[in-house]
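Down below is the structure, laid out as structure tokens.
The values are calculated or read from the model by the stated rules, or taken from the named source; none is laboratory data. Model, not experiment: these values are computed from the prediction. Note that each Cβ is placed from the backbone with ideal geometry, even for glycine, and that neighbours are counted across all protein chains shown.
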């Protein structure tokens, strides 16, 4: 019996991915919406495939890869995410994911990705593979590398829950400088909101 586990907090993703997995012969599809549900299913059911969203509430999908593999070491993990930034792709693969697919991809791409993982091959789109290869070879690609030391400091403090006023006090800079630096970080990371910027920092481990 082929068992697949979909870990995502959006019902539409469960529906769409579930239908595609059924096309590929999966006769048991588990739907987890939280970290706790995902780990419970992985321990009890031992899925062969895990479709995992990085934007999961709580710890985030990136930090869920390792505990999932501890519970289901034979599972193949496909990251299915809206985040196409090279840094996240590289981090997911380093954490143990076997493939990475953008949610902007076509259904046929999803099917190809699952087939590749089932055959024991990794899966990345051509563009993602090139970007990751460039990053690993030291070429520009990770937006964090573009941040100045001060921007790193501000991003880390924001991700730890500090207000702009607290940051200005801690770094001995004006409130305006703290605010402008935060805006610069947001722009360089391509974040559309402060919460998205914080999620980037947390997934990169800067909150520790």
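At a glance:
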{"quantity": "Any hit, region 109-120, residues being surrounded by 14 or more Cβ atoms within 10 Å (Cβ to Cβ), touching a residue at least 12 places away in the same chain (Cβ under 8 Å) and within 23 Å of residue 196 (Cβ to Cβ)", "calculated": "no"}
{"quantity": "Unique match (being modelled with pLDDT of 90 or more, farther than 26 Å from residue 191 by Cα and within 16 Å of the chain's Cα centre (by Cα)) among 115, 76, 121", "calculated": "76"}
{"quantity": "Residues being surrounded by 21 or more Cβ atoms within 10 Å (Cβ to Cβ), out of contact with any helix residue (DSSP H, G or I) (no Cβ under 7 Å at 6 or more places or on another chain) and assigned to a helix (DSSP H, G or I) - total across region 36-85", "calculated": "2"}
{"quantity": "Boolean, residue 178 is within 24 Å of the chain's Cα centre (by Cα) and closer than 23 Å to residue 145 by Cβ", "calculated": "no"}
{"quantity": "Of all residues in region 10-29 being buried (at least 18 other Cβ atoms within 10 Å of the Cβ) and not in a helix (DSSP H, G or I), the one that is farthest from the chain's Cα centre (by Cα)", "calculated": "26"}
{"quantity": "Selected residue (criterion: farthest from the chain's Cα centre (by Cα)) from residues of region 86-109 that are outside any helix (DSSP H, G or I) and over 21 Å from residue 68 (Cβ atoms)", "calculated": "106"}
